[in-house]
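The values are calculated or read from the model by the stated rules, or taken from the named source; none is laboratory data. If you're wondering where the values come from, they're calculated on a predicted model, not measured in any experiment. Cβ: placed from backbone, ideal geometry, glycine included. Neighbour counts: every protein chain shown. The accessibility values were calculated without ligands, DNA or RNA, using every heavy atom of the protein model including side chains. Shrake-Rupley method; radii C 1.70, N 1.55, O 1.52, S 1.80 Å.
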Amino acid sequence: MNDLRFALRQLIKNPAFSAVAVITLALGIGANTAIFSIVNAVLLRPLPYPNADRIMVLNESANGQEFSVSLPNYQDWKRDNNVFKYLAVTRRESRNLSGIPGREAERIPCASVSEEFFKVIGLTPKLGRTFNEEEEKPGGPPAVVISDRLWQHAFARDASVLGQTIKLHNQGFTVVGVMPAEMNSPQDTDVWFPFARRTVSFWQDRTIHPMLFVWGRLKPGVTVDQARTEMKAIAARLANEYPATNAGASISITPLLESLIGKYRTNLAMLLGAVGLVLLIACANVANLFAARGAARAREFAIRAAVGATRRQIIRQLLVESFLIALLGGTLGLFIAAWVRDALVGLAPQGVSRFQDVSFDLPVLSFTFVIALVTTMLFGLWPAWQTSRGDVQVALQSGSHSSGISLAAKRTRDWLVISEIALTLTLLVAAALVLKSFSRMQSLQLGYEPRGLITARMELPFRVYSTREKMGTFTNLLLEKVGALPGVQSVGIGSNSPLMGGWQTGFYREGIPIPTPSQMPDANLEAIAGDYFATFKLPLLRGRTFNTGDTANSPRVIVIDQALAEQYFPGEDPLGKRLSVDVGNDNEGYAFAEIIGVVARMRFHAFDETAPVPVIYCSTAQAYRPSLGLFVRAGPGVKALDKPIRDIVKSIDPNQPVFDVRLMQERVEDTWGTQRLLTFLFSVFAGLALLLAMIGLYGLLAYTTLKRVREIGVRMALGARPAQIRALVLSHGMRLLLIGSGIGLLAAFALSRVLQSVLFEVKGIDPRIYLGVGLILFVATFLASWLPARRASRVDPMVSLRTE
């Protein structure tokens, strides 16, 4: 306690020193705490399910790619495996919720789940029950289980919700249960149906992959590797039994948490490593501060030693002061981390709920406290050890300001600054690479113009719009009314448009042997209506687009994009040729369609789409697609069309909700989410590192200059000019820069290899970036060295010698 009280008095006595040390550490600890809070929320926090590490997600896989499961394959997996206690299949969709008094119709996420799904998850209902045997059968009573979230916002947590009837796609369903708040699988579902009610006969075809995904809970004692081995053996057996559909197919097994956040693991690990470097720089800075302060207090500690203080007591006293600084820095850092939390969440990728669950809970607070303890050792132990080793006789005989610097201490302080420069260069290179990658991403040619384009989505109930004719009546009226709005230039409808879908179909050319399903190429399938191509500003390269003559009763026609034309009709004119395509009409399957036009290519998926997936366009008049996207191009103020669009849809069908109304530019920017977060944080960390490193360099040179006042006075008395004195100090700083840059370059080369996996169209070794970073460091080093150099050149030799 005596040491603690004395340490407090020392910090209060030296407010400038204390403030600089505390703020320096607060920046480092705060940045680490903020990033760890994200890592904790996304990667470390377990799923809220019993024994969640036993829950697996299973997919079919081939050629390194994973895809949804065919129903017969799932049934074979369920029958033949011995490693899963429960195995269930799910299918996500969305439906329109209506029939609730006082509430307008709305779109909600739903899922059809097989009988063992809730057992796989391991949660029991908060109210009511899950499905019984009768409800699980085809044609059984229509029943649903709802989420706690839907119970809250649609029913105000009314316990009488059980037994109530709600309408989903205009069909009545009885609510039989409410799941607890922890239940949000698959992917934030609000309503669960029995899977047997959704199954259709043609799903029994192994070539059909109707977006089914399999979930399993491992038996006790079974490891993930054992499960993978057995399921691969089952896949091999199925490939032998059904070579036409299963040849080359395998089964992938991924833990549920890994399937949700696996792609973010590398990025967050890199951010945690980068912010760790910032903390090291901060610790090196404070270590130099404490070392300089310890040297200035050498006479004080010499007196303590002379009257009986042991080295252990002196070290303890200095470590207590270090811990106080670290504790204050950690407390302030926690406030800084909390302050920037909202900014980090706002920059996080959309659609990943775990990014939105960032909180400063016990693990985060514990991390902050541990960081404070670690930093105490990092920046406090060496200065304390150095100070305790001082020669008592020399310190007592010398003035505190005139005692020289030992060679070992000088080298150590130099190396601390060198390490700061090296780490700073590494972070600056990383930030520059990520920034250039983000710039390339923003300038990427998408093939369409997202600015000035507003989008909206609708799910037409299949019971109401059961035919293409009924759907056509709705879409034609919608196009007519929206097109008449003031300022609207063009309107189009699509079913699987850029950044809004993922439906693909197989196809093959007329005149070639029919390929097996595993050999059949895939294409994005887009059913369109209205001025779709004009709305996206997608040029027609040859042929024509769809017109009123293309009806359900006329020969089937399609438009293809340039990518498909180049890949499958090289050197040919594709017009008039025919492709066999499954456009998704129930019970129709594959049928030949004539190519009537070729349009330019659009990027339908994220920016990092590698091989161009070709696109086949068909008319909604010839393809039944109840899931629709509305696209409206208008001039300035396009965002204001949100309400008019909703009102028009409501006037056509009061029970038809509109959802996900957003600007197309916002959808594009969402695909940059991870890169935007990386760019922002790497830039902040690099800038912070540069600031701390330059402060450290300035502090070292200023302190060294102060300790060399007598030497400088002698030099000037013997005829040294001010320019020579400035060069003496500047050369010291530049020497540290040269050594630190050499070490930093090696570290930057190594880091660039790790970063290559997240860079877009940027090479890790970019000479211009390294040259630019070197120039920034040179300018910053020169500025940090100039002030001490100028102060040294103004030393009055008579005053300095007289003082000595």
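Just one of the listed residues (LEU630, LEU691) is of a type outside the set (S, T, N, Q) and touching a strand residue (DSSP E or B) at 6+ places or on another chain (Cβ under 6 Å), namely LEU630. Going by the structure shown, is THR674 open to solvent by less than 20 Å² (accessible area, probe 1.4 Å), of a type in the set (Ser, Thr, Tyr) and under 30 Å from GLY346 (Cβ atoms)? Answer is no for this residue.
Against the list (1) of a type in the set (A, V, I, L, M, F, W, C); (2) assigned to a helix (DSSP H, G or I); (3) out of contact with any Asp or Glu (no Cβ under 9 Å at 6 or more places or on another chain), the condition LEU479 fails is (3).
So, ARG237, is that one in a helix (DSSP H, G or I), at pLDDT 75 or above, basic (Lys, Arg) and farther than 27 Å from SER366 by Cα or not? Criteria met by ARG237. Pairs meeting the criteria (first residue in the stretch 359-380 and part of a helix (DSSP H, G or I) and buried (at least 18 other Cβ atoms within 10 Å of the Cβ), second residue among the hydrophobic types (A, V, I, L, M, F, W, C) and modelled with pLDDT under 75, beta carbons under 7 Å, at least 6 apart or on different chains) are PHE379/PHE290; GLY380/PHE290; GLY380/LEU318. Would you be able to say whether some residue in the stretch 554-566 is closer than 22 Å to GLY447 by Cβ, modelled with pLDDT of 85 or more, out of contact with any strand residue (DSSP E or B) (no Cβ under 8 Å at 6 or more places or on another chain) and surrounded by 14 or more Cβ atoms within 10 Å (Cβ to Cβ)? Scanning the stretch 554-566 turns up at least one residue that is closer than 22 Å to GLY447 by Cβ, modelled with pLDDT of 85 or more, out of contact with any strand residue (DSSP E or B) (no Cβ under 8 Å at 6 or more places or on another chain) and surrounded by 14 or more Cβ atoms within 10 Å (Cβ to Cβ). The stretch 652-769 holds helices (runs of 4 or more DSSP H) entirely within its bounds, and those carrying 2 or more residues that are more than 30 Å from SER443 (Cα to Cα) map to 673-707, 709-717, 722-755. Which one of these is modelled with pLDDT under 75, over 30 Å from LEU771 (Cβ atoms) and not in a helix (DSSP H, G or I): GLN356, GLN350? Checking each option against the conditions leaves just GLN350. Annotation: of all residues in the stretch 500-517 being in contact with a Pro (Cβ under 9 Å, 6 or more places away or on another chain) and touching a residue at least 60 places away in the same chain (Cβ under 8 Å), the one that is most open to solvent (accessible area, probe 1.4 Å) is THR516. Going residue by residue through the stretch 443-466, is there one that turns out to be of a type in the set (S, T, N, Q), within 26 Å of GLU93 (Cα to Cα) and open to solvent by 10 Å² or more (accessible area, probe 1.4 Å)? Yes, there is a match, as at least one residue in the stretch 443-466 is of a type in the set (S, T, N, Q), within 26 Å of GLU93 (Cα to Cα) and open to solvent by 10 Å² or more (accessible area, probe 1.4 Å). Once the stretch 730-765 is narrowed to residues that are of a type in the set (Gly, Ala, Ser) and touching a Ser or Thr at 6+ places or on another chain (Cβ under 8 Å), the residue that is surrounded by the fewest Cβ atoms within 10 Å (Cβ to Cβ) is SER757.
Looking only at the stretch 746-765, which residues are aliphatic (A, V, I, L, M) and over 14 Å from ALA432 (Cα atoms)? Lay out the reasoning, then the answer.
Of all residues in the stretch 746-765, those aliphatic (A, V, I, L, M) come to 746-748, 750-751, 754-755, 758-759, 762, 765.
Of everything in the stretch 746-765, those that are aliphatic (A, V, I, L, M) and over 14 Å from ALA432 (Cα atoms) turn out to be LEU746, ALA747, ALA750, VAL754.
Scanning the stretch 567-579 for residues that are of a type in the set (Gly, Ala, Ser) and either open to solvent by 80 Å² or more (accessible area, probe 1.4 Å) or modelled with pLDDT under 90 (or both) yields a single hit, GLY571. The condition (being open to solvent by 40 Å² or more (accessible area, probe 1.4 Å) and at negative phi) is satisfied by just one residue among TYR617, TYR624: TYR624.
Within the stretch 534-542, is there a residue that is small (Gly, Ala, Ser) and modelled with pLDDT under 90? Looking through the stretch 534-542, none of the residues is small (Gly, Ala, Ser) and modelled with pLDDT under 90. Look at THR24 and say whether it is buried (at least 19 other Cβ atoms within 10 Å of the Cβ), within 14 Å of VAL275 (Cα to Cα) and over 27 Å from the mean Cα position of the chain (by Cα). Yes.
Any residue that is in a strand (DSSP E or B), open to solvent by less than 60 Å² (accessible area, probe 1.4 Å) and either β-branched (Val, Ile, Thr) or on the phi > 0 side of the Ramachandran plot (or both) - is there at least one of those in the stretch 528-539? Within the stretch 528-539, one or more residues are in a strand (DSSP E or B), open to solvent by less than 60 Å² (accessible area, probe 1.4 Å) and either β-branched (Val, Ile, Thr) or on the phi > 0 side of the Ramachandran plot (or both). For MET500, the conditions (1) of a type outside the set (Phe, Trp, Tyr); (2) more than 17 Å from VAL583 (Cβ to Cβ); (3) in contact with an Asp or Glu (Cβ under 7 Å, 6 or more places away or on another chain) all hold with the exception of (3).
Screening the stretch 112-199 for helices (runs of 4 or more DSSP H) wholly inside it with 1 or more residues that are closer than 23 Å to TYR74 by Cβ and open to solvent by 50 Å² or more (accessible area, probe 1.4 Å) returns the ranges 117-121, 133-136. Within the stretch 61-89, residues that are closer than 20 Å to ILE121 by Cα and assigned to a strand (DSSP E or B) have Cβ atoms under 6 Å from residues that are of a type in the set (S, T, N, Q) and modelled with pLDDT of 90 or more in these pairs: ALA88/SER114; VAL89/SER114, counting only partners at least 6 apart in sequence or on another chain. With the condition kept exactly as written, say whether any residue in the stretch 716-736 is within 23 Å of ALA430 (Cα to Cα), modelled with pLDDT of 80 or more and out of contact with any helix residue (DSSP H, G or I) (no Cβ under 9 Å at 6 or more places or on another chain). No, the stretch 716-736 contains no residue that is within 23 Å of ALA430 (Cα to Cα), modelled with pLDDT of 80 or more and out of contact with any helix residue (DSSP H, G or I) (no Cβ under 9 Å at 6 or more places or on another chain). For the stretch 615-629, the set of residues classified as assigned to a loop (DSSP other than H, G, I, E, B) and either at pLDDT 90 or above or β-branched (Val, Ile, Thr) (or both) consists of THR620 only. The single condition among (1) over 19 Å from LEU771 (Cβ atoms); (2) touching a Phe, Trp or Tyr at 6+ places or on another chain (Cβ under 9 Å) that ALA727 does not satisfy is (2). Within the stretch 30-81, the set of residues being among the aliphatic types (A, V, I, L, M), open to solvent by 20 Å² or more (accessible area, probe 1.4 Å), farther than 20 Å from PRO220 by Cβ and in contact with a helix residue (DSSP H, G or I) (Cβ under 8 Å, 6 or more places away or on another chain) comprises LEU43, LEU44. Of all residues in the stretch 202-229, those satisfying the criterion of being over 18 Å from PHE67 (Cβ atoms) and buried (at least 18 other Cβ atoms within 10 Å of the Cβ) are ARG217, LEU218, ALA227. The condition of being at pLDDT 85 or above, surrounded by 16 or more Cβ atoms within 10 Å (Cβ to Cβ) and over 30 Å from ALA563 (Cα atoms) holds for LYS481. Among the residues of the stretch 632-645, those that are surrounded by 15 or more Cβ atoms within 10 Å (Cβ to Cβ) and either free of Cβ contacts under 8 Å to residues at least 40 places away in the same chain or not in a helix (DSSP H, G or I) (or both) comprise VAL632, ARG633, ALA634.
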